[in-house]
Every structure is written in C-alpha cells, then in structure tokens.
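Structure first, then comments.
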Amino acid sequence: MIRLLRFFALGVALDWLTSLSLVFGGCCSNALTLEVITSQYPPFGTLITFAQFLFVTIAGLPKHLSVKPSEISKTRRFVVRYPTRSKIVLNPFRYRLKPRRIPLSSYLIQVIMFLLISLLNNAAFAYQIPMSVHIVFRSGGPVVNMMIGWTLRKTRYTKMQVMSIVVVTIGICLTTLSSMASKPSKPRFSSTNEFASSSVDESLVTFAIGISILSAALVLSGFLGLVQDDTFGRYGRGNWEESMFYLHAMALPMFSFVGSELGSQVRLANASPTIKANIPSALHTLGLRPLEPSNNEPPNLAPLPFLPIRLPSLNIPSVYVPLLANLLTQFVCVSGVNRLSSRVNSLTVTLILAVRKAVSLAISVVLVGNSKGNTYLWAGALAVLLGTIGYAAGSSSKRKSKDE
C-alpha cells in the first residue's frame with residue numbers, strides 16, 4: 001500500500017513538473033523571442049498571430065486524424081485486411097478527424113474570443129507599448145475575474161481578496177506610469193516648441209490607444225476563462241490537446257477578415273534584410289564533412305559521394321529566424337497552459353502565470369533591456385505579484401470555510 005502511494009505521489013509530482021516546465025520554459029522563451037521581433041518590426045502583430053495559429057494546427061493535426069478502414073468486398077467469402085496503422089496512407093480521402101469529446105458548438109465562442117485576444121495582444125506592440133508594460137498589464141487577470149464574478153455570477157469575495165485586487169490594480173497603474181516616465185519629453189529632432197508639444201501629444205495618444213487595446217484583451221481573457229471553466233466542468237478536464245487544436249484550427253478561416261493586412265505584412269517580412277545560411281559551413285561545424293581552406297569565404301562542398309549535387313547557400317529574410325523560434329516556443333507554451341488549465345481551475349492558472357510573467361519581466365528588463373528599470377516599474381511588478389498571491393490565498397481560505 002505504501003509503495004502504491006509513493007508511486008501515485010511520484011506520478012503527480014512528475015505531471016506537475018512537466019506542466020510547470022512547459023509553462024515557464026516555453027512561455028519565458030516565447031516572450032523573449034517576441035520581444036526580439038516586435039522591437040525591430042512592431043507592426044507585425046497579425047503575421048505573428050497567423051504563424052502561431054498555423055504552426056500549432058499543423059503540429060497537432062496528426063494526433064486528431066484517423067484512417068478510414070478499407071472497404072470490405074462482398075463478392076468474396078473471405079476478406080483480406082491490410083494494416084493501416086503502421087503505414088502512411090497517401091490517399092487524402094482516407095483520413096478523417098477523430099470523434100470529439102466536446103462539440104464544435106462549444107468551441108465556436110471560445111475560438112472567436114481566443115483569436116481576438118491574440119490579435120489584440122500582438123497588435124498593441126505597434127502603439128509604443130514596451131514588453132515590460134505588456135507583461136505586467138496582462139497579469140491583471142484576477143481584477144477582471146472579480147469584476148465578472150461580482151456582476152454576472154453574484155459571487156461574494158472576502159476582504160483579503162478585495163484588498164489584493166486593489167493592490168494588483170495599483171501595481172498595473174504604477175507599471176503604466178513607469179513607461180510614460182521613461183519616454184523622452186521632447187522628440188529627437190525638434191526645432192520649435194510647438195513641434196515638440198505636438199509630438200509629445202501624439203506619442204501620448206498612441207500610448208493610450210495601446211493601453212486601451214490591452215485592456216480590451218484583458219477583459220476578453222476573463223470571459224474566456226469563465227467559458228472554459230464551464231466547458232471543462234461539463235465535458236471533463238482531460239481534453240486540453242483537443243481544445244488546443246480546435247481553438248487554433250477553427251480560427252484559421254477567420255484570418256480572411258484581415259487578409260489584406262496579413263498580405264502586406266508578409267511582403268514587408270520578405271523585404272527585410274537577408275541572412276546567409278551557409279549549409280556547408282553548418283555541416284562543417286557539426287563535423288559531418290571537412291571544410292577546404294579558402295580565402296575568407298567558405299566554398300561549396302564537393303559533390304556528395306551518394307548524390308551528384310553541391311549543397312547551396314540560402315538567403316533567408318532575417319525576420320523569419322526569430323519568428324521560427326517564436327513558433328516553437330509558442331507551441332510549448334500553449335501546450336503547457338492548456339495542460340495546466342485542464343487540470344486545475346482558472347484561479348490557480350492565473351496565479352502560476354503571474355509568477356511566470358514576473359520571471360519574464362526580469363528577463364526583459366535586466367537581460368534584454370540591459371537596464372535596472374525604475375522605481376515605478378519594480379514597485380508595480382511587486383504589487384501585482386503580491387496581490388495575485390493574496391487573491392489566491394483568500395480564495396483558498398474561502399473554500400475551506402465553506403467546507404467546514
């Protein structure tokens with residue numbers, strides 16, 4: 001019995017370790033690559049969102065396809081069945097989607113909200129929103145959860161929960177003020193005070209639009225969390241892979257509404273400075289083939305012994321390199337968040353994501369920004385973190401009092 005309990009505890013610990021590794025490792029790396037892209041190409045929000053949705057859909061498609069069994073011949077007395085599980089069937093008409101545990105009607109509203117949230121969050125970078133404000137502002141999930149719960153579901157909250165939400169709100173305001181304080185009071189090239197004043201006003205208006213976009217995404221995130229709680233409560237919390245696939249796959253046709261904007265961003269990405277990817281040098285680095293000496297430039301390799309070809313050098317637009325890294329880390333991050341959401345309630349997910357965003361904030365300010373930040377920034381971040389922890393502690397004590 002003791003051995004069985006130890007085995008069960010080990011399984012639970014490994015499950016939690018896997019989920020937290022996916023969330024912290026994948027999401028922190030994803031925030032880092034996203035900051036690299038948006039710092040150089042701020043208006044590429046739609047392209048980033050579409051690439052993320054397409055990549056997650058393609059990566060999850062094999063798990064949700066099944067092969068239609070071969071037809072049985074009625075003219076013969078015996079039937080020869082050919083195995084299809086161990087072979088790749090080339091006929092696309094033999095594939096079909098596996099039966100779903102959650103109906104498509106339950107996914108539809110989630111898909112629309114999830115797509116809008118992703119588009120709004122990535123579009124905010126085009127309005128002079130730094131990554132530090134982006135991270136802290138999106139940590140205000142408990143504020144939205146309390147407002148929605150109090151207005152729509154008539155939920156009552158403890159004094160500790162209310163005070164924690166006030167602290168989180170103050171922290172978000174301080175972080176927003178930190179970004180405004182770090183902006184220069186005058187433009188870099190100004191000849192008259194009138195021109196400087198108009199430039200400052202225009203910058204503040206742009207920043208206010210970006211904050212409004214993040215606020216709208218934050219409100220939608222609160223509603224999405226409630227909808228997902230109801231869905232998983234009705235159909236079970238073990239469907240995170242199915243939910244992740246359909247939330248991304250069903251949203252792809254909806255990008256047709258922003259097709260012109262997406263096309264213009266793709267053309268701008270293709271016109272970005274290119275990076276020369278020299279395959280022979282890469283193979284030499286890996287130790288696969290020797291590199292012949294040359295005059296400061298790596299030559300093409302001699303034809304391979306099994307193929308009469310020479311390996312070429314590729315010119316890749318520079319924006320696609322961090323974009324590919326962002327896609328890979330986004331897939332890991334989304335898998336971790338959905339895996340976590342299917343095992344715990346939205347409040348616990350909000351708490352864990354708040355701690356993760358604190359780590360991402362430190363990486364963004366200290367490592368990427370190479371600065372110490374300012375007092376408003378770190379005070380706001382600390383207030384958001386402490387308020388989120390206090391809100392979770394208040395919710396835990398509230399549940400215990402109900403059980404008693």
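Read the figures in this text as sums done on the coordinates, not as results from a lab. Worth saying up front: this structure is predicted, and the values here are computed from it rather than measured. Reconstructed Cβ throughout: ideal geometry from the backbone, glycine too, with neighbour counts over all protein chains shown.
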Problem - Rough spin-label spacing in nm, given labels placed 7 Å along Cα→Cβ, for ILE389 and ARG3 - result: 4.1 nm
Practice task
Between TRP150 and SER256, with labels modelled 7 Å along Cα→Cβ, what's the label distance in nm to one decimal, could you check?
Solution key: 4.3 nm
Completion exercise
Between LEU65 and residues 5 or more places away or on another chain, the pairs with built amide H atoms under 5 Å apart involve LYS98
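Can you give the FRET efficiency for LYS98 and VAL266, using 1/(1 + (r/R0)^6), R0 = 30 Å, r = Cβ-Cβ distance, to the nearest 0.05?
Numbers: r = 32 Å, r/R0 = 1.08.
Calculated value: 0.40.
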